[in-house]
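Q: Starting off with a structure, shown below.
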Amino acid sequence: MVRSEHDLLPEGVQERLEVVVSELAANAVHHAGTPFEVRLTIGSTVRIEVCDGSAVPPVMRDVDVHEISGRGLVIVDRFADRWGYETGGGGKAVWAELDGGAGPLGS
């Protein structure tokens, strides 16, 4: 789905979207260990949501330069204009927003 909407976005937003989706999905696989769903909303802001079955909140942590993992949310924080999470229904949605989208779909 993300790839099918990808071409509607300016190049700089495309690249940021790819990184953010990759990191949020990897975090869902690694930390939640449940099936997950990626949602994408494109307007003047691009919103990515990765929903999983774990209610454990994401934690951005300081990572030592020698550690080989643990940088996912640091990367999301760097590439997204805003990010956060919401819990409910026994799971959570970790979301990120990128400014500079392509306007509402179909316009």
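Read the figures in this text as sums done on the coordinates, not as results from a lab. As the structure is a computational prediction, the values presented were derived from the model and not from experiment. In this analysis, Cβ positions are derived from the backbone assuming ideal geometry, glycine residues included, and neighbour counts consider all displayed protein chains.
Q: Relative to the present Cα-Cα distance, how much length would full extension add between THR41 and ARG78 at 0.36 nm per residue of separation?
A: Numbers: separation 37, 0.36 × 37 = 13.32 nm, distance 2.00 nm.
Using 0.36 nm per residue and subtracting the Cα-Cα distance, I get 11.3 nm.
Q: Is there a quick way to get the dipole size of segment 2-99? I mean about its Cα centre, with the Cβ of Lys and Arg at +1 and of Asp and Glu at -1; what is the value in debye to the nearest 20? The partial results should precede the final answer.
A: Details: 9 positive and 17 negative charges, 46 e Å.
So the magnitude is around 220 debye.
Q: Which is farthest toward the positive dipole end of segment 2-99 among LEU40, ASN27, LEU17, measuring Cα position about the Cα centre, with Cβ charges +1 (Lys, Arg) and -1 (Asp, Glu)?
A: The residue sitting most towards the positive pole is ASN27.
Q: I would also like to ask the following. Can you give the Rg to Rh ratio of segment 2-99, both from alpha-carbon atoms, with Rh computed by the Kirkwood formula?
A: On the way: Rg = 13.3 Å, Rh = 13.7 Å.
Checking Rg against Rh, the ratio lands at 0.97.
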